[in-house]
Every structure is written in C-alpha cells, then in structure tokens.
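Everything below concerns the one structure shown next.
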Amino acid sequence: MPDTRPNILIVTTDQQRTDSLSCYGSGFTHTPHLDRLGAEGVVCDRAYCANPVCTPARATIFTGKYLSRHGAWNVGMNVPADTVMISHRLGRQGYRTHYIGKAHFQAFNGTPDETLEATQGWERHYPGFTGPYYGFETVELALGHVTYGMAGHYGAWVRSQVSDEVFEALKTARRRGELDFGGNAHDWDMPVRLHNSVWTADRTLEFLRAHDRRQPFLLAVGFQDPHHPHGVPTQFEDRVDPDAAPLPRFVDGELDDKPPHFKAAHLGRLPESGFQGEYWVGGQGRGGDFSQVAEDDARLGRAYYYSLVKLIDQQMGRILAGLEELGLAENTLVIYTTDHGELLGDHGLWMKGPFHYEELVRIPMLVRWPAGIPGGRRARGLISQVDLAPTVMAAVGEGAPAEMDGVDALPMLRGDADQVRSHVIVECTDDPGHLRLKTVVTERTKLTVYHGQDFGELYDLEVDPGELRNLWNSDAYAGERQRLMGRIIDHMEPLERRVPRLCYA
C-alpha cells in the first residue's frame, strides 16, 4: 500500500523582510516565482518570528519551542545536543530527513584537532561529514555569508570548482561607498553558477531527483541570503534599480521616547549605553554611526539587499518547477519563511538586534499543499514560527506533541478558522545580565517588557503602524498595558520545569 503522507519541504532565508516580496505589496521588487507560490497556496499576512536572531529563531522553527524552553538564546552557541526537533520525530515515523544549506544550529568556532563531540562549529572543519545532525539523517551545510560564507559542504564544493588562487580571491568583495555601516552594497566577482543560492537550489533538485518515491521526506533548505553584507554577483543582471529603492523611513526625534540602546545604536555609541555585553548589542557590529549614512549609500544597500531576494526567487522557481516535473507538487507541504527580518535603515537602524520593530519581527510566510490546503487565500490571523513544527506534525497525522509551545495552524491555513491564536510572543536575550526583552503582539497593539528595567514600549499599530509614538507611560493606555503584561506572565508560567508526578505522595 503506497504511503500517502505528505512530503515536507521547509525553505528558510536569512534576514528577509516582508516588503521584499511583491505578494506583500512591494512596488520595487518583482518576485514572480514566490508570488506564484503564494497565489497557489496561502500568504500569511501576520506571521512573526519568535526571536530576531538566527540561531534561536531556527531552533524554534524546528522544535516548536520558544528560546525559554530550548535554551539557545543567541548566536555563537550550540543548540543543546539533546534537543528534539521535527527531524527526530519524522525520522522515527519513517521519513527520509535531509538538510541543505544554512542551519546555524551551532557556533562557527572550533579547531580540526578537537573531537567531533567537543567541537563547536565542526561543519567548517569536517566537510566530509554527512550526518546525522540534529535528527537529520544526512546534511549538506553552508556556513556564514557572502565572502566569509564559503565553508562547510558548500565551501568545499566551491573549492573543488576553482583554483586555490581564485578561491582566495572570492573571499573579498568591493564595497560601494566610503562609510562601513554593515548594510553596505558590495560588488562580488562570484560567478552566479557558483553562488550559494544557486548551489542550494542545485543540491535541492538533486535530492528530489534521487529520492525514493516510496518514502516520504522532510527536506529543509536554508538560503544564506539576503543577510548582510549585501554582496551581489557582478554577473547578476536582474537587479533592483537603486533609484527605485525607497529611502529608509526615519523621523527626526522618533528615538527620543525609546529605551536607551535605540539611540545609542543609531549614533554608534553602544559602549556608552550601559547595555553592552561581550558582543555589545547583537547584530550591530561594533557600533557604526548610522546617522552618517548618506542617502546614496542607503539606496545602494537596500537595492542590493532586494537584488539578493530576486536571486533567491529565481532559484525557488527552479525548485518549484522541479517538484512539478517530478510529480511531487500535489502532495508536498511547502513552507517558505525566514528566520527574522531586517531593519535596513528604518528607524535609523540597520541589520538586527533587540529592536522589535515590525520590520524585524514580522516575517514572510507562504504555505502551499495542494492535496491538503485550498490555495489562493490570504490568512489574516496571527501566526508564529513556533507554530510551524506543530502544524507539520498535524499535517503528517501525528498531532502536535504536548511539549511543543506552538499551536496547529492548519485550521486557519485551510480557511476553517479566522485565527488560531489571540497573540504572538517574541523573545530576545541580547545580554543575560542586562538586556532581556519579551514582546506580545495582538491584532492591534504591541507591548515590549525589558526585564529588570523601568522602561518599556507600547504601540497602537492601528493608529501608529510606524511605531513612532511609545505609549508605555500613556494614562489612556494604562489598562491595555496591564492586559498585555498579563499575557506575558501567562506565557512565562507554563515554561516552568515540571517532572512527572508518579503517585499521591
């Protein structure tokens, strides 16, 4: 009897904003393949990340647990080895599990002479390793980004395609503009055929072609872009015109009523802010002065960012075509999303960090499964990354495990319910000793609590979608502030560890 359970294809990008996809209303990028994916499936209009940093967000996607539960609170650390992911769960159910591209479940350090068990970031040094890895039977991993991203299995492949001299030359790119602010545009002489996005699609298609149809698969695909630095191959022609890229949205004085690290990051004065940890405020490098970014440099940085999205769109077109050609499209649940967004100069900030603006925490999420979800819809209700693992488990007929923190979103995706949750939670631990924050987002309002601090944030997204006016101290919103604080307390209480009760006493 044939196995009729769906195949699962989870595609993640790195640091992608909703406005980079034309199905979310972008007027300056054209992403026809992803638009088609959304048109044939479901576009989630109110999807949120669980954390605005790579490793915690990715751990949440594959575990269905918040960072408060899985413990990987930032980059530069390993997801605990005993963490149970959907790869473990589906592998036990007979699924073939494979990972291609960026996973970022581990740190990037380590030395070749350390044992495999002791090494952090072993992928850089053991390109011959193929798994198992966090429940995935086999892996083909890519590390880092752009010029520092030619490592792991991808890096070993690039090295096999070019001379040692060319390989070393590909580790540099030409920055455009004088000021280095992290979000710069870079011209990169990487041949398009060797680019990480193309390699990721190539390996995905090879897996699909070679896969035994008698066994369902869980295939995770991680594109490294459009993460900074924004290095676009010089050969790539389908670019966004910098003149068409809008300038960042920033109003003078808008940071005056924000927590102190906002303005400190904007002015490049993080060491003076009192919130620096070992790596200062995460995602902000060493404190570049964003107030000095010229308009031309900002347009270039943004245009190159969106151009990288167009390159990914092309590769997604190849993957979607491959599913159709191989007869896999009908019963494959495709989830396309990202780990978190990108500030791109909006609010006077670039890249990422403990700034839970919509540009950073609201994310693209497209879902298609012709055999199980009616297409051509937009889901207006709230959905979180933490809901993806429970939804996958429900789709394969296993149900959402009780130890997962998310909810099964299939009723909303199928159109049987307008919503599956009343709010979403976004957590960030930037520095365990100083800067820890949690955000709750409802249909209309949004509150951020900074643990151990008197300040906070509260916005009415209906009247202030740009989050320009902080209502934390507003008497008119005092009741809403208390209500949302209660939501955060309710979120934290179930995270307490409870061992099984064996008897009455």
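May I ask you to say which residue of Asp189, Asp180 is more than 25 Å from the chain's Cα centre (by Cα) and of a type outside the set (Phe, Trp, Tyr)? Walk me through how you get there before you give the answer.
Numbers: Asp180 fails: more than 25 Å from the chain's Cα centre (by Cα).
When all the criteria are applied, what remains is Asp189.
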Worksheet, complete the sentence: Within the range 219-245, restricting to residues that are among the small types (Gly, Ala, Ser) and buried (at least 18 other Cβ atoms within 10 Å of the Cβ), the one that is modelled with the lowest pLDDT is Ala245
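Quick check on the range 350-380: of everything there that is among the small types (Gly, Ala, Ser) and surrounded by 19 or more Cβ atoms within 10 Å (Cβ to Cβ), which residue is nearest to Arg249 (Cα to Cα)? Before you say what the answer is, go through the steps one by one.
Here is the first cut: in the range 350-380, the residues among the small types (Gly, Ala, Ser) are 353, 371-372, 375-376, 379.
Going one step further and asking which of them are surrounded by 19 or more Cβ atoms within 10 Å (Cβ to Cβ), we end up with 353, 379.
On the way: Gly353: 18, Ala379: 27 Å.
Here the residue is Gly353.
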Discussion item. I'd like to know if the range 421-436 contains one or more residues that are touching a strand residue (DSSP E or B) at 6+ places or on another chain (Cβ under 8 Å), farther than 16 Å from Met485 by Cβ, outside any strand (DSSP E or B) and not hydroxyl-bearing (Ser, Thr, Tyr).
Written reply: yes
Response to the item:
Out of (1) modelled with pLDDT of 95 or more; (2) part of a loop (DSSP other than H, G, I, E, B); (3) polar (S, T, N, Q), the one Asn78 does not meet is (1)
Worksheet item: Given Ala103, Ala107, which one is assigned to a loop (DSSP other than H, G, I, E, B), aliphatic (A, V, I, L, M), under 20 Å from the mean Cα position of the chain (by Cα) and at pLDDT below 85?
Response: Ala107
Worksheet item: Does Leu300 count as within 30 Å of Trp73 (Cα to Cα), among the aliphatic types (A, V, I, L, M), at pLDDT 95 or above and out of contact with any Leu (no Cβ under 8 Å at 6 or more places or on another chain)?
Response: no
Worksheet item: Do we have Leu471 as in contact (Cβ under 8 Å) with a residue 12 or more places away in the chain and in a helix (DSSP H, G or I) here?
Response: no
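Check the range 488-500 and report whether any residue there is buried (at least 16 other Cβ atoms within 10 Å of the Cβ), charged (D, E, K, R) and closer than 28 Å to Ala379 by Cβ. Quick ask: steps written out before the conclusion?
First, the residues of the range 488-500 that are buried (at least 16 other Cβ atoms within 10 Å of the Cβ): 488, 491.
With the extra rule that they be charged (D, E, K, R), the set shrinks to none.
Within the range 488-500, not a single residue is buried (at least 16 other Cβ atoms within 10 Å of the Cβ), charged (D, E, K, R) and closer than 28 Å to Ala379 by Cβ.
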Worksheet item: Among (1) over 24 Å from the mean Cα position of the chain (by Cα); (2) assigned to a helix (DSSP H, G or I); (3) modelled with pLDDT of 95 or more; (4) hydrophobic (A, V, I, L, M, F, W, C), where does Leu255 come up short?
Response: (2)
Worksheet item: Can you pull out the residues in the range 154-198 that are touching an Asp or Glu at 6+ places or on another chain (Cβ under 8 Å), in a strand (DSSP E or B) and surrounded by fewer than 16 Cβ atoms within 10 Å (Cβ to Cβ)?
Response: Arg174
Discussion item. Here is a list: Arg203, Arg239. Which entry is of a type in the set (D, E, K, R), touching a strand residue (DSSP E or B) at 6+ places or on another chain (Cβ under 8 Å) and outside any loop (DSSP other than H, G, I, E, B)?
Written reply: Arg203
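Residue-by-condition table, conditions (1) in contact with a strand residue (DSSP E or B) (Cβ under 7 Å, 6 or more places away or on another chain); (2) more than 27 Å from Thr55 (Cβ to Cβ); (3) not basic (Lys, Arg):
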residue	(1), (2), (3)
Pro370	no, yes, yes
Gly381	yes, yes, yes
Asp387	no, no, yes
Pro390	no, no, yes
Ala400	no, no, yes
Val407	no, no, yes
Leu410	no, yes, yes
Item to complete: Go through the residues of the range 419-437 one by one and say whether even a single one is out of contact with any helix residue (DSSP H, G or I) (no Cβ under 8 Å at 6 or more places or on another chain), of a type in the set (Lys, Arg) and within 30 Å of Asn473 (Cβ to Cβ).
Response: yes
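From the list Asp405, Asp416, pick out the single residue that is under 22 Å from the mean Cα position of the chain (by Cα), part of a loop (DSSP other than H, G, I, E, B) and either of a type in the set (Phe, Trp, Tyr) or more than 14 Å from Leu484 (Cα to Cα) (or both).
Working: Asp416 fails: under 22 Å from the mean Cα position of the chain (by Cα).
Exactly one residue qualifies, and that residue is Asp405.
Inspect all residues belonging to the range 393-402 and state whether any of them is under 29 Å from Ala265 (Cα atoms) and outside any strand (DSSP E or B).
No; the residues of the range 393-402 include none that is under 29 Å from Ala265 (Cα atoms) and outside any strand (DSSP E or B).
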Worksheet item: Hey, any hits in the range 408-419 for a residue that's touching a Leu at 6+ places or on another chain (Cβ under 7 Å), closer than 30 Å to Arg469 by Cα and touching a residue at least 24 places away in the same chain (Cβ under 8 Å)?
Response: yes
Discussion item. Can you pull out every residue in the range 440-450 that is crowded, with 22+ Cβ neighbours inside 10 Å and among the polar types (S, T, N, Q)?
Written reply: Thr448
Worksheet, complete the sentence: Exception for Gly64 within (1) of a type outside the set (A, V, I, L, M, F, W, C); (2) modelled with pLDDT under 95; (3) at positive phi falls at (2)
Worksheet item: Which residues, counting only those in the range 381-401, are over 30 Å from Arg249 (Cα atoms) and in contact with a Gly (Cβ under 9 Å, 6 or more places away or on another chain)?
Response: Asp387, Leu388, Ala389, Pro390, Thr391, Val392, Met393, Ala395, Ala400, Pro401
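The values are calculated or read from the model by the stated rules, or taken from the named source; none is laboratory data. Keep in mind the model is a prediction, meaning the values are calculated, not measured. Cβ sites come from the backbone with ideal geometry, for glycine too, and all protein chains shown count toward neighbours.
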